[in-house]
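Worksheet for the structure shown next.
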Amino acid sequence: MSQRDCDHAVEYIYQYLDRQVTWRRKVKIRRHLQRCGYCGGAYAFEEHLIEVVSRRCRDEPPPELIDRLRTLIREQEPGSTPG
């Protein structure tokens with residue numbers, strides 16, 4: 001595998017994981033991942049990370065957190081007065 005092939009695969013890895021690539025690009029990336037141990041390992045890590053995050057982030061945040069974030073965002077808006 002050449003560095004160029006790896007760079008190309010890595011460039012589209014998140015789109016590939018999100019199933020947002022063309023059929024042709026999907027085939028090229030899949031073929032590269034099967035042949036390149038380094039990129040295949042990186043892909044497996046990213047895939048696992050997405051799975052863990054999606055499993056763990058299903059709960060709704062507490063209302064207090066949402067209120068606090070809204071307040072912080074309002075304070076950052078132009079023309080707002082602090083606290």
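For a quick check of your reading: which helices (runs of 4 or more DSSP H) sit entirely within the chain and have at least 1 residues that are surrounded by 10 or more Cβ atoms within 10 Å (Cβ to Cβ) and of a type in the set (Ser, Thr, Tyr)?
Passing ranges, in order: 13-17, 37-56, 63-76.
Please go through the stretch 13-27 and pick out each residue that is farther than 15 Å from Phe45 by Cα and hydroxyl-bearing (Ser, Thr, Tyr).
Across the stretch 13-27, the qualifying residue is only Thr22.
Output the residues belonging to the stretch 27-83 that are under 14 Å from Cys6 (Cα atoms) and charged (D, E, K, R).
Selection gives Lys28, Arg30, Arg31, Arg35.
Values in this text are rule-based calculations from the coordinates and carry no lab data. Being a predicted model, the structure only gives us computed values, none of them experimental. Every residue, glycine among them, receives a Cβ derived from its backbone with ideal geometry; neighbour counts consider all protein chains shown.
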